[in-house]
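Undergrad: Take this structure, written in structure tokens, and hold onto it; I'll ask about it next.
Quick note: the coordinates plus some simple rules give every number you see, no bench work behind them. Keep in mind it's a predicted model, so treat the numbers as computed, not measured. As a convention, Cβ positions derive from the backbone with ideal geometry for all residues, glycine included, and neighbour counts pool all protein chains shown.
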Amino acid sequence: MTCLSCKSGEMTESTTTYTVTLKNCILIIKNVPCVKCTQCGDELFNTDILEKIDDIILMAEKMASEISIIDYTKVA
Ligand SMILES: [Zn+2]
């Protein structure tokens, strides 16, 4: 699979740290599976992963701590 952004890099399976700013907190999800471009570092997530991230975001919003750090491999 070729990268859609730079059109020259190769997308390879990897993991990344997903950071999102919510209304009342910052959420950091570690070890999220993704495909990453070897050339420009662009990252893509598949639909299953994005749905799981949505679940984790809902969970984090309920925790009401200012910064939440969640390990994806422990909640998936
Ligand atoms: Zn690329």
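Undergrad: So how many residues does segment 18-27 have that are within 16 Å of Glu51 (Cα to Cα) and out of contact with any Cys (no Cβ under 9 Å at 6 or more places or on another chain)?
TA: Kept after step one, since they are within 16 Å of Glu51 (Cα to Cα), are these residues of segment 18-27: 18-20, 27.
If we keep only those that are out of contact with any Cys (no Cβ under 9 Å at 6 or more places or on another chain) as well, we get 19-20, 27.
Residues meeting the conditions: 3.
Undergrad: If Leu4 satisfies all but one of (1) more than 9 Å from the chain's Cα centre (by Cα); (2) outside any loop (DSSP other than H, G, I, E, B), what's the number of the condition it fails?
TA: (2)
Undergrad: Then there is this: Exactly one condition in (1) in a helix (DSSP H, G or I); (2) in contact with a Ser or Thr (Cβ under 8 Å, 6 or more places away or on another chain) is not met by Glu51; state its number.
TA: Against the list (1) in a helix (DSSP H, G or I); (2) in contact with a Ser or Thr (Cβ under 8 Å, 6 or more places away or on another chain), Glu51 comes up short only on (2).
Undergrad: Would you pick out the residues in segment 5-45 that are of a type outside the set (D, E, K, R), surrounded by fewer than 16 Cβ atoms within 10 Å (Cβ to Cβ) and near the ligand (Cβ under 8 Å from one of its atoms)?
TA: Residues satisfying the conditions are Ser5, Cys6, Ser8, Thr38, Gln39, Cys40, Gly41.
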